[in-house]
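In what follows, a single structure is set out as structure tokens and then discussed.
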């Protein structure tokens, strides 16, 4: 058992420890040891700065990899958005083109009174690969009342006639095909009735150029309009209703001579067709008009 002297010594040491702790706490609180702390920080700071510089390349690499993956993801999203917008724009342009062409078709139908010829609207689904399309394929056929020989009208004017038809499709020979022909007339204020003659593709000249052979006359001029004559000829036996716009006069060779030739450009844009109208009942109407006194 410790004696009185040992007990006093232990109590003194305890008191000294308590006093030292109090002094340290008080000095830290009032900033008495700030210099020592700054000194420690000054020793440690270069070590921290060096470690940061050493770790910077690795840290930058990790950031670059992360940024690259994020950028690739954003690029893929932008590409998908671009493709979607491009598709939507194409659809809108296609619809606008169809609306414009249908408006022109309605105007032609009203002007030439085509409703009486049983028009059937059809859409182009294929075209012959040539400098100037010679035939087109449409999505209406015998199942829709389309028959061989039916006239076909497009925006702004005559397109051609059906040469082959089956259940759901038909082939149309365009008026620019070398085997096409139609009896036509040139009409203007000086000669409102118009002289009739065969209109056919030019053998020599620009692609799509049509020539109209009519009697010697000086009654016609450039920019006069050419219409179907509404009659048949032995050579061009396909029948077209009258007064359908066909083309516009571009020039006249050997004017007012026996070899006069009127050059005509088709009004219908045969290389940009989307929709057409097939006149499924042209012959009965024309015959009825012909028989009328």
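Using a 10 Å cut-off around each Cβ, can you sort 195, 16 from fewest to most neighbouring Cβ atoms? Can you show the working numbers first?
On the way: 195 18, 16 10.
Lowest to highest Cβ neighbour count: 16, 195.
Given points 7 Å out from each Cα along the Cα-Cβ axis, report the residue 190 to residue 135 separation in nanometres with one decimal.
4.1 nm
For a footprinting-style exposure proxy, rank 278, 162, 65 by other Cβ within 10 Å, fewest first.
Details: 278 28, 162 24, 65 10.
Least crowded to most crowded, the residues run 65, 162, 278.
Take residue 79 and residue 219, extend 7 Å from each Cα along the Cα→Cβ direction, and tell me the distance between the two endpoints in nm.
For residue 79 paired with residue 219, the spin-label model returns 6.7 nm.
Arranged by the count of other C-beta atoms within 10 angstrom, fewest first, what order do 240, 69 take?
On the way: 240 28, 69 10.
Sorted ascending by nearby Cβ count, the order is 69, 240.
Report the rotationally averaged projected area of region 145-200 based on its alpha-carbon convex hull, in square nanometres. Could you put the intermediate results ahead of the total?
Values: hull surface 19.6 nm².
Average of the hull's projected areas for region 145-200 equals 4.9 nm².
Full extension from residue 256 to residue 271: what is 0.36 nm times the residue separation minus their Cα-Cα distance, to one decimal in nm?
Numbers: separation 15, 0.36 × 15 = 5.40 nm, distance 3.35 nm.
Gain on extension, residue 256 to residue 271, equals 2.1 nm.
Taking R0 as 51 Å, what's the FRET efficiency between residue 86 and residue 116 from their Cβ-Cβ distance, rounded to 0.05? Before the final figure, lay out the partial values.
On the way: r = 44 Å, r/R0 = 0.85.
Efficiency computed from Cβ-Cβ geometry: 0.70.
Computed from the coordinates by the stated procedures, all read-outs in this text should not be read as laboratory data. Everything numeric here is computed off the predicted structure, so don't read it as measured data. Backbone-built Cβ (ideal geometry, glycine too); neighbour counts: all protein chains shown.
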